[in-house]
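Peer 1: Quick one: structure below, then a few questions.
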Amino acid sequence: MSRDLTSNVRTTLLGRDASEGALLSVGLTALLLVATVGVFLVAPAYALPTLLAFVLVTTVAWVRNQAETARLLTLVATVSTVLTVSFITIYLFASAFPAVVERGASLFVLPVENGRTRWFFWLDALLPSSGTVWNPLSGAYSLIPTIWATVIVTTISAFVAGPLGLFGALFISEVASDGVREVVKPAVEVLAGIPSIVYGFIGFQVLNGFVQASFLDDGASFLIAGLVVGIMALPTVVSVAEDSLSSVPRSMKDGSVAMGATQWQTMKSISIPAAFSGISAGLILGLGRAVGETMAVAAIMAAGVGLANPLFDVFDQGATLTSLIATNYGSASESTLGVLFVAGVILFVIVAGMSVLSQYVERRMNEKLRGDA
């Protein structure tokens, strides 16, 4: 049993055809890595010399046994990623659990004037409540207004990023010449490098003034936040959708043209259906960023927590889940901090669910195109 275990570990670390001296190099590298992590946790002041020793030994091992060292480093990177995500998930849920136990359903109901509470999803709750929904001093911690604000902002951003992202990807992939494509695609991807706080500041200064002058609105609103977040999601949607459209076999498009179809008919009937999995995945991932966007929304709508009146009023304003966390965690008490962790759990579940959904849609569309379903 122990011999089989040792053999499996050796195969995992070195592969089946390990070169001479690989065990010593990889073993020493692994030991120094463990020592570096241990020293960092126990005595951080001495972590730098250990890290330098690890880098030196890894460099020598890379020169002498490159394949085995690369195998070890990729294994370490994979395990580190899984452990990091696992620790973050466990810490997030563990920190939110006491608040859920203490407050329970009160986090997801709306107060009314007579002291009763009502569920947001009941018919009589479709109108905003006149009671206090968020006031840490009085113990009011309803997350319904922030969830609803997140839904409004995300919906608006979807109407911005969806059409613009799809048509932008179609232009880059199907219409633009090679020279134009080499300029336009990097320019779109540069948008992802602009800090979100800059987006928020520009949205507040430029769009806010325009909306005030054009729609007689007196302040920042869900509309402005949704427009800015939609623009921020564009690079993801355009990049993923364009890559998917570019992967459609040229023979399929040429066959459509040979049958007498126009360029638009080819794009509509061939390119988009064939690349629909990638397009939908790009849109869902872009919306995932829109849901989790913090600083841009906080810069535009750093307002109090409250429901829009009426609920569909895009010119109203209120804190989203992300901006609620960003504007409250610095001065939050222990009880408020627990509720903010609950908001973080809700965001985590939403974004993780959207990521899983994008993978499911992509897999189903691939199966459909192959004729498996």
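The values are calculated or read from the model by the stated rules, or taken from the named source; none is laboratory data. Predicted model, so just to flag it, every value in this text is computed and none were measured. No Cβ is skipped: glycine too gets one built from the backbone with ideal geometry, and neighbour counts run over all protein chains shown.
Peer 1: Have a look at 3, 71, 10 and point out the one that is assigned to a helix (DSSP H, G or I), modelled with pLDDT under 85, in contact with a Gly (Cβ under 7 Å, 6 or more places away or on another chain) and not hydroxyl-bearing (Ser, Thr, Tyr). It would help to see each step written out before you state the result.
Peer 2: Values: 3 fails: in contact with a Gly (Cβ under 7 Å, 6 or more places away or on another chain); 10 fails: in contact with a Gly (Cβ under 7 Å, 6 or more places away or on another chain).
Just one listed residue meets the conditions, 71.
Peer 1: Going by the conditions given, is residue 239 in contact (Cβ under 8 Å) with a residue 40 or more places away in the chain, of a type in the set (S, T, N, Q) and in a helix (DSSP H, G or I)? Talk me through it step by step, then tell me what you get.
Peer 2: On the way: in contact (Cβ under 8 Å) with a residue 40 or more places away in the chain: yes; of a type in the set (S, T, N, Q): yes; in a helix (DSSP H, G or I): yes.
Here the answer is yes, as residue 239 does meet what is asked.
Peer 1: Can you name the number of the only condition in (1) of a type outside the set (Ser, Thr, Tyr); (2) touching a Ser or Thr at 6+ places or on another chain (Cβ under 9 Å); (3) part of a helix (DSSP H, G or I) that residue 248 fails?
Peer 2: (3)
Peer 1: Please go through the range 285-322 and pick out each residue that is over 15 Å from the mean Cα position of the chain (by Cα) and polar (S, T, N, Q).
Peer 2: Across the range 285-322, the qualifying residues are 309, 317, 320.
Peer 1: Looking at the range 333-355, I want the residues that are in contact (Cβ under 8 Å) with a residue 60 or more places away in the chain and have a partner that is surrounded by fewer than 19 Cβ atoms within 10 Å (Cβ to Cβ) and not in a helix (DSSP H, G or I) with Cβ atoms under 7 Å, at least 6 apart or on another chain. Which pairs are those?
Peer 2: So the pair list comes out as 333/136; 336/136.
Peer 1: Of the numbered conditions (1) crowded, with 16+ Cβ neighbours inside 10 Å; (2) without any contact (Cβ under 8 Å) to a residue 24 or more places away in the chain, residue 213 fails exactly one; give the number of that condition.
Peer 2: With respect to (1) crowded, with 16+ Cβ neighbours inside 10 Å; (2) without any contact (Cβ under 8 Å) to a residue 24 or more places away in the chain, residue 213 is out only on (1).
Peer 1: Quick one: which residue in 149, 233, 220 is within 22 Å of residue 318 (Cα to Cα), crowded, with 21+ Cβ neighbours inside 10 Å, aliphatic (A, V, I, L, M) and out of contact with any helix residue (DSSP H, G or I) (no Cβ under 6 Å at 6 or more places or on another chain)? Spell out how you get there, then give the answer.
Peer 2: On the way: 233 fails: out of contact with any helix residue (DSSP H, G or I) (no Cβ under 6 Å at 6 or more places or on another chain); 220 fails: out of contact with any helix residue (DSSP H, G or I) (no Cβ under 6 Å at 6 or more places or on another chain).
Among 149, 233, 220, only 149 is within 22 Å of residue 318 (Cα to Cα), crowded, with 21+ Cβ neighbours inside 10 Å, aliphatic (A, V, I, L, M) and out of contact with any helix residue (DSSP H, G or I) (no Cβ under 6 Å at 6 or more places or on another chain).
Peer 1: Okay, next question. For residues in the range 17-36 being of a type in the set (Val, Ile, Thr) and touching a helix residue (DSSP H, G or I) at 6+ places or on another chain (Cβ under 9 Å), which is modelled with the lowest pLDDT? Step through it out loud before you land on a result.
Peer 2: Quick first cut of the range 17-36, residues of a type in the set (Val, Ile, Thr) only: 26, 29, 34, 36.
Then keep just the ones that are touching a helix residue (DSSP H, G or I) at 6+ places or on another chain (Cβ under 9 Å); that gives 26, 29, 36.
Numbers: 26: 77, 29: 82, 36: 85.
The qualifying residue modelled with the lowest pLDDT is 26.
Peer 1: What number of residues in the range 173-213 are hydroxyl-bearing (Ser, Thr, Tyr), closer than 26 Å to residue 315 by Cβ and touching a Ser or Thr at 6+ places or on another chain (Cβ under 9 Å)? Give the steps one after another, and end with the answer.
Peer 2: So in the range 173-213, the residues hydroxyl-bearing (Ser, Thr, Tyr) come out as 173, 177, 196, 199.
Next, only the ones that are closer than 26 Å to residue 315 by Cβ stay: 196, 199.
Among the residues that remain, those that are also touching a Ser or Thr at 6+ places or on another chain (Cβ under 9 Å) are: 196.
Looking only at that region, the number is 1.
Peer 1: Hey, another quick one. Residue 187 is checked against (1) more than 30 Å from residue 256 (Cβ to Cβ); (2) free of Cβ contacts under 8 Å to residues at least 24 places away in the same chain; (3) more than 21 Å from the chain's Cα centre (by Cα) and fails just one. What number does that condition carry?
Peer 2: In the conditions (1) more than 30 Å from residue 256 (Cβ to Cβ); (2) free of Cβ contacts under 8 Å to residues at least 24 places away in the same chain; (3) more than 21 Å from the chain's Cα centre (by Cα), residue 187 misses (1) alone.
Peer 1: May I ask you to verify whether residue 254 is more than 18 Å from residue 159 (Cα to Cα), without any contact (Cβ under 8 Å) to a residue 24 or more places away in the chain and part of a helix (DSSP H, G or I)? Can you show your working first?
Peer 2: On the way: more than 18 Å from residue 159 (Cα to Cα): yes; without any contact (Cβ under 8 Å) to a residue 24 or more places away in the chain: yes; part of a helix (DSSP H, G or I): yes.
Here the answer is yes, as residue 254 does meet what is asked.
Peer 1: If you don't mind, another one. Considering each of 26, 55, 42, 34 in turn, give the residue that is surrounded by 15 or more Cβ atoms within 10 Å (Cβ to Cβ) and either touching a strand residue (DSSP E or B) at 6+ places or on another chain (Cβ under 8 Å) or among the β-branched types (Val, Ile, Thr) (or both).
Peer 2: On the way: 55 fails: surrounded by 15 or more Cβ atoms within 10 Å (Cβ to Cβ); 42 fails: surrounded by 15 or more Cβ atoms within 10 Å (Cβ to Cβ); 34 fails: surrounded by 15 or more Cβ atoms within 10 Å (Cβ to Cβ).
Selected residue: 26, the only one of 26, 55, 42, 34 that is surrounded by 15 or more Cβ atoms within 10 Å (Cβ to Cβ) and either touching a strand residue (DSSP E or B) at 6+ places or on another chain (Cβ under 8 Å) or among the β-branched types (Val, Ile, Thr) (or both).
Peer 1: Would it be correct to say that residue 196 is over 20 Å from residue 163 (Cα atoms), without any contact (Cβ under 8 Å) to a residue 12 or more places away in the chain and assigned by TED's automatic domain parsing to the domain that holds residue 316? Full working, then the answer.
Peer 2: Numbers: over 20 Å from residue 163 (Cα atoms): yes; without any contact (Cβ under 8 Å) to a residue 12 or more places away in the chain: no; assigned by TED's automatic domain parsing to the domain that holds residue 316: yes.
Considered against the rule, which asks whether it is over 20 Å from residue 163 (Cα atoms), without any contact (Cβ under 8 Å) to a residue 12 or more places away in the chain and assigned by TED's automatic domain parsing to the domain that holds residue 316, residue 196 comes out as no.
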